[in-house]
Amino acid sequence: MEDSANLEPLFPDRDSSETLGRQLTRRLRDAIESGLYKPSSRLLPSRELAARLGLARNTVTSAIEQLIAEGYLESRVGSGTFVVPTIVKQTIAARSGFLRLPETAQRFRSSRAVLDSFATGSGPLRPGRPDLTSFPHAIWGRIARRTLADLSTYLDYGESKGHPALREAIAQHVQQFRGVTAAQHRVIIVEGTQAAIRLCADVLLREGDAAIVEDPGYPFARIALASRDVRVFPVPVDPSGIDIAQAPPGRLAYVSPSNQFPLGARMSLERRHRLLAWATENDAYVIEDDYDSEYVFDGKPLPTLQSIDRGERVLYVGSFSKTLAPGLRLGYLIVPQHLATTFSLARLASTLGSTQFVQAMLAEFVSEGHFARHVRRMTRIYGDRRRAVIQVLEEGLADLSFYVGAANAGLHVALIAPPDFDDIAVATELAAEGLAVQPLSAFCIGRADCRGFIVGFSSAPLPEVLRATRLLVRCIKRRAVVESRSS
Ligand SMILES: Cc1ncc(COP(=O)(O)O)c(C=O)c1O
């Protein structure tokens, strides 16, 4: 509290052409970035802040909400709003005045904290990374040599929306695996999901528009939107997925309905229909991130949102990051009919398309059936790892109120802890022992009731994954004893 009691840097300049709300958001962000407001310090209550700064209360609450969405602040039920404990301070050079970042570059600052906490973690429990030792090197090498023999075909600019043979192969693949129907002119090849989300934002959003994301949710979707100066609103996820009834009006919703990231919830059919109705009522669009549901272990998947959308509201996103390798940087967007031309123009405007050679190789890999075979083989391997990990977690934590989330697909499971469990303390302790584990609370935006861990099982051989899972279980048990003594 004492750190953020200094209000001087927050007072607005009433002669500025910048709105009071934008000024407050920027000034508050700067105070955190510069280290003036220290990590974990508490903000004054919004009512008091508004009164002392001479601002309307909702100007203050929207600035706070924006910074919560950007990852600078967090609200803790019953105790107030705090500077996020892991916030990264601005560098000395930037703070000292020379090498000042241009105003427009500020929008990428919040990505830094996300990158630090998510992208650097490695180890056997890292979620969502396929087992790269199982990459089909021999077949890929053969296809590479054949494609290379034809290299001159791929040296010129190609179609900005992607190599036609790859678009055709993907159209057939999604039809077979996910029941998604689309002619190839609606398939746009992009450099993975991240590029797809940015492209959607380029085409569909104006600065200041509202976009809905899941809470907890995929941090890279949030930063892709926030860094485009879009107002990002987190909406809580429960076991039936996101409840759009709790969302404000918006222009875009980003969701992962088949395997909600990170909780693994499968959006109910009723919620899917409500989400589509919300999109129609708001003249909005929905990004359906179907990032890993080629891997289905139990039961049948529900139909994709795209396949039940009658109003041309859904942009379906798929990626080869989980099924083959993230380093390929290849994914696809399937856009509604009325947006197909616009999206290929947007690709033209942004990148003129991507490497033809690699697209041609992938097209052959998919159309010759290697891709489907590879996914089937890996589903068996990952299925064994998943069963073994769930068993260790369930047996090891049987006497505590932890449970494994509902996922029946994908490359990680969510281990849900009681809502007051300190998952960050466990992650910190394990990091000191050399094991990276991602605490669920790091994926929460506005809520404080979601604790636990994301346990990936795909990136390393089973014995390593099990050893790490047992270490996690032991550390959780130690922590549970500490917490029970202090309660
Ligand atoms: C929810 C979600 N979507 C998409 C992706 C894949 O992203 P990309 O295709 O940009 O590699 C991931 C990777 O971890 C993810 O967790």
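The values are calculated or read from the model by the stated rules, or taken from the named source; none is laboratory data. This is a predicted model, so every value here is computed, not measured. For neighbour counting, all protein chains shown are included, and Cβ atoms are generated from backbone atoms with ideal geometry for every residue, glycine included. Each accessible area value is taken on the protein alone, full model and side chains, heavy atoms only, with ligands, DNA and RNA left out. Shrake-Rupley method; radii C 1.70, N 1.55, O 1.52, S 1.80 Å.
Some points to look at:
- Mean separation of Cα contacts under 8 Å (6+ apart) over length of the range 189-242, as relative contact order %: 37 percent
- Taking max minus min of the alpha-carbon positions on each principal axis, the range 228-368 gives extents of 45, 39, 28 Å, largest first.
- Annotation note: trypsin sites (Lys or Arg not before Pro) in the range 299-364 located in DSSP loop regions with a Cβ neighbour count of at most 14 within 10 Å are 310.
- Based on Cα contacts under 8 Å between residues 6+ apart, the chain shows a relative contact order of 18 percent.
- Difference of contour (0.36 nm per residue) and Cα-Cα distance, residue 310 to residue 19: 100.8 nm
- Principal semi-axes of the equivalent ellipsoid, √(5λ) from the alpha carbon gyration tensor of the range 169-293, are 21, 18, 14 Å from largest down.
- Semi-axis lengths, Å, the range 298-424, gyration tensor of Cα atoms, sqrt of 5 times eigenvalues: 36, 20, 15
- Its relative contact order, with pairs defined as Cα atoms under 8 Å and 6+ residues apart, puts the range 332-487 at 21 percent.
- Across the range 391-447, Cα-Cα pairs farther apart than 14 Å form 64% of the total.
- Once both labels are positioned 7 Å from their Cα atoms along Cα-to-Cβ, the gap between residue 277 and residue 243 label points is 1.5 nm.
- Positive-pole candidate from 218, 170, 204, dipole of the range 158-251, charges at beta carbon: 170
- Pairs of alpha carbons in the range 421-487 whose separation is greater than 21 Å (percent): 27 percent
- Accessible surface, the chain, averaged per residue in Å² (probe 1.4 Å): 43 Å²
- Expressed per residue, the C-alpha convex hull volume of the range 232-311 stands at 91 Å³.
- Where chymotrypsin sites (Phe, Trp or Tyr not before Pro) in DSSP loops with at most 10 other Cβ within 10 Å are excluded, longest remaining stretch of the chain: 158-487
- Lys, Arg +1 and Asp, Glu -1 on Cβ, resulting dipole of the range 278-340 about Cα centre, debye, nearest 20: 200 debye
- Mean ellipticity per residue at 222 nm, deg cm²/dmol - from DSSP H runs of n ≥ 4 across the chain, formula -39500 (n - 2.57): -12500 deg cm²/dmol
- If only the Cβ of Lys and Arg carry +1 and only the Cβ of Asp and Glu carry -1, the dipole of the range 389-468 around its Cα centre is close to 280 debye.
- If you take all other residues with their beta carbon under 10 Å from the beta carbon of residue 356, and give Lys and Arg +1 and Asp and Glu -1, the sum is -2.
- Across all directions, the average flat footprint of the convex hull enclosing the Cα atoms of the range 203-243 is 3.0 nm².
- The local environment of residue 290, defined by Cβ-Cβ distances under 11 Å, has a net charge of -2 under the rule Lys, Arg +1 and Asp, Glu -1.
- Theoretical FRET efficiency, 1/(1+(r/R0)^6), r = Cβ-Cβ of residue 183 and residue 372, R0 25 Å, to 0.05: 0.75
- Label point 7 Å beyond Cα of residue 345 along Cβ direction - residues of the range 246-275 with amide nitrogen under 14 Å: none
- Directionally averaged shadow of the chain, computed from the convex hull of its alpha-carbon atoms, nm²: 24.5 nm²
- Spherically averaged projected area of the range 372-487 from its Cα convex hull (nm²): 7.9 nm²
- Working value for the range 23-88: equivalent-ellipsoid semi-axes of 18, 13, 10 Å, each the square root of 5 times a Cα gyration tensor eigenvalue, largest first.
- Normalising by residue count, the range 284-336 has a Cα convex hull of 72 Å³ per residue.
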